[in-house]
Amino acid sequence: MNKLIQVNIGGLVFQIDEGAYLKLDQYLSAIRRKYEQEEGGKEILNDIELRIAELFSETANAGKAIMMSDVEHVINIMGQPEAFDASEPDTSYASTGRRSSRRFFRDGENRMLGGVCSGFGAYFDIDPLWIRLLFVAVFFFGGTGLLLYIVLWIIMPEAKTTTERLEMRGERVNISNIERTIKTSTQQFTERANAFGKEVSDTFRSENVNKAKNSVGVALEETAGAIKPLFTFIFKIFVFFIVITSLAALVAISIFYFVKGLTPGDEIRYVLSHLFETARDANLALLTGLSLAAIPLAVLLVRGIKYLLNIRVSFKVFDWTMLVLWIACIVVISFIGVQLGNDFSQEGRTSTNLELSAPEAELMVVRLDPFEDDYYSRHAYFGKDWNNPVILNDDTIVFRDIDFSVVRSDDSLFHMTLLRSARGSTRDKAKTRAEKLYYPVQQQDSILLLPSSIRLGEDDLWREQEIDVLLRVPDGKTIVLERELEHFFRYNDYTDRLNDDELFNRRLVMTPSGLKPVY
């Protein structure tokens, strides 16, 4: 038996087999030789080590030492450094965009304020401008845009590392994409610096045309004076519209909060009850959140009426009172949001290995256990993926945040590994939440039934619980993946070569290079 060596990778300490250590050392040395002389090479090397440490931590969390198979698995994911040529166009994003789970982060590189909108844009592959316009529209017509933005700013972490930026865009975290991301960031910084220098230069040159602008300004002033009455009339119509809209919104908010039995209000209350640990915090969050929207609407309503009726009375006391109340609401909602965000700050993972019996027919059929319709019978839908909503019922929380993948077995037997994850204020609390995830896998000879949903108990809180299901198939064994698994399937090096038609509803045999169709 080889001795174990203690190594530090990316700031984490691992126990690693001596042979695996030599293999890993050769791999890291090859990466250093490639990047140590390049611009940004130090940052590239640091991010590669952090990603390798993250992959190894899955094995270490299960109490195992890092073996040769683990090192080879990491190398397969990250790729060999000599396989990438920096001078060639990078197409990894287009070819692998669907093969990595996306995660929500704030995009600090492209932010205008907190990076929330640019983070949504990166997650959904759309221009952040449309997200920003949506928030502005919600603020003016619903009054909740600012509150929603502040809450998201608090609970969404910022994508600070290269790994997080790649996960935000749904790209695979390998050597090629890490290198491309860092070099792109460096180039963008250079371009911004050049643009700033040009702007300063243009400012000095602009003084030469000020005289010409003055003459044009006089002409524009005279034209504006002639059409001022028309614009005043149009502006009054606009103010009248603001008054009516504000009044209607205030009435709607009052009904929403005080009248019970309305579906939207009940759904929001139910969502909050499964996000906050106490009913007091949930109700306080709802009240202050609605107040944050109602106070600006009340100011718009009063100011609009004052303008339309030409009232000369001072409203300074009212304005200052509303401002103080609004700031107080921000303080309260921020405090509650920080507490809630703290309970999402740490991630805990658990790993469970299931021994599967060999099917008599030498064929393993993997299918989904149908989702029970009565789970949809009550309350609310929310979550980061509309196709996989979190569904709240009277006595349980149901969601479908499941990733399923197929890898090669290390021996001649079928195995299944369940990787559960959740979030909490500490890793221990998060790990305890992850252990509570109920996911009963059933085997009926050659049929392997995977639940299509995850259930939590009535007293459990939603903390981004997820399950990764890894089916380990030995060489030469045949499986069939039914089409219903497509929505949960996660591609890897053993399945990358197959398209959907080749992968589902047909016989596949495991080979040393991955799954292949049986013709």
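Yes/no per residue for (1) in a helix (DSSP H, G or I); (2) more than 30 Å from THR59 (Cβ to Cβ):
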position	(1), (2)
PRO296	yes, yes
ILE311	no, yes
PHE318	yes, yes
MET322	yes, yes
GLU347	no, no
THR352	no, no
SER357	no, no
GLU360	no, yes
Pairs under 6 Å by beta carbon, first residue farther than 21 Å from ILE330 by Cβ in the stretch 266-284, partner at pLDDT 75 or above and assigned to a helix (DSSP H, G or I), six or more apart or different chains? SER273/ALA282
Pairs only if they're at least six apart or on different chains, beta carbon under 9 angstrom, first in the stretch 401-416 and over 17 Å from THR511 (Cβ atoms), second among the basic types (Lys, Arg) and surrounded by fewer than 17 Cβ atoms within 10 Å (Cβ to Cβ); list them, first residue then second. ASP401/LYS384
Residue identified as of a type in the set (Lys, Arg), under 25 Å from ASN492 (Cβ atoms) and in contact with an Asp or Glu (Cβ under 8 Å, 6 or more places away or on another chain) among ARG408, ARG400, ARG427, ARG433: ARG408
Restricting to the stretch 350-362, give me the number of residues that are under 13 Å from GLN444 (Cα atoms) and surrounded by 15 or more Cβ atoms within 10 Å (Cβ to Cβ). 2
Consider SER421 carefully, then state whether it is hydroxyl-bearing (Ser, Thr, Tyr), at pLDDT 85 or above, surrounded by 19 or more Cβ atoms within 10 Å (Cβ to Cβ) and closer than 30 Å to PRO512 by Cα. yes
PRO264 at pLDDT 85 or above and either surrounded by 14 or more Cβ atoms within 10 Å (Cβ to Cβ) or in the same structural domain as VAL338 (by TED's automatic domain parsing) (or both): no
If only one of ASP107, ASP90 is of a type in the set (Asp, Glu), farther than 27 Å from ASP411 by Cβ, modelled with pLDDT of 75 or more and buried (at least 16 other Cβ atoms within 10 Å of the Cβ), which one is it? ASP107
Across the stretch 324-345, the tally of residues that are among the aromatic types (Phe, Trp, Tyr) and assigned to a helix (DSSP H, G or I) stands at 2
Within the stretch 309-324, is there a residue that is at pLDDT 85 or above, surrounded by 15 or more Cβ atoms within 10 Å (Cβ to Cβ) and within 30 Å of SER446 (Cβ to Cβ)? no
Give ILE9, ILE75, ILE16 a once-over and let me know the one that is at pLDDT 75 or above, in contact with an Asp or Glu (Cβ under 8 Å, 6 or more places away or on another chain) and β-branched (Val, Ile, Thr). ILE9
Residues in the stretch 445-480 that are at pLDDT below 85, over 24 Å from SER345 (Cα atoms) and out of contact with any Leu (no Cβ under 9 Å at 6 or more places or on another chain) total 2
Every residue in the stretch 267-292 that is touching a strand residue (DSSP E or B) at 6+ places or on another chain (Cβ under 8 Å) and at pLDDT 80 or above, please. none
I'm trying to understand the selection: among the residues of the stretch 17-75, which are part of a helix (DSSP H, G or I), over 25 Å from LEU419 (Cα atoms) and in contact (Cβ under 8 Å) with a residue 60 or more places away in the chain? ILE31, TYR35, GLU43, ILE44
Which ones in the stretch 483-505 are under 17 Å from ILE467 (Cα atoms), of a type in the set (D, E, K, R) and outside any helix (DSSP H, G or I)? ARG490
I need the full set of residues from the stretch 432-471 which are surrounded by 16 or more Cβ atoms within 10 Å (Cβ to Cβ), polar (S, T, N, Q) and either touching a Lys or Arg at 6+ places or on another chain (Cβ under 9 Å) or assigned to a strand (DSSP E or B) (or both), in order please. GLN443, SER452, SER453, GLN465
Answer with yes or no whether LYS64 is more than 13 Å from ASN8 (Cα to Cα) and surrounded by fewer than 17 Cβ atoms within 10 Å (Cβ to Cβ). yes
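The values are calculated or read from the model by the stated rules, or taken from the named source; none is laboratory data. Model, not experiment: these values are computed from the prediction. Glycine gets a Cβ as well: all are built from the backbone with ideal geometry, and neighbour counts include every protein chain shown.
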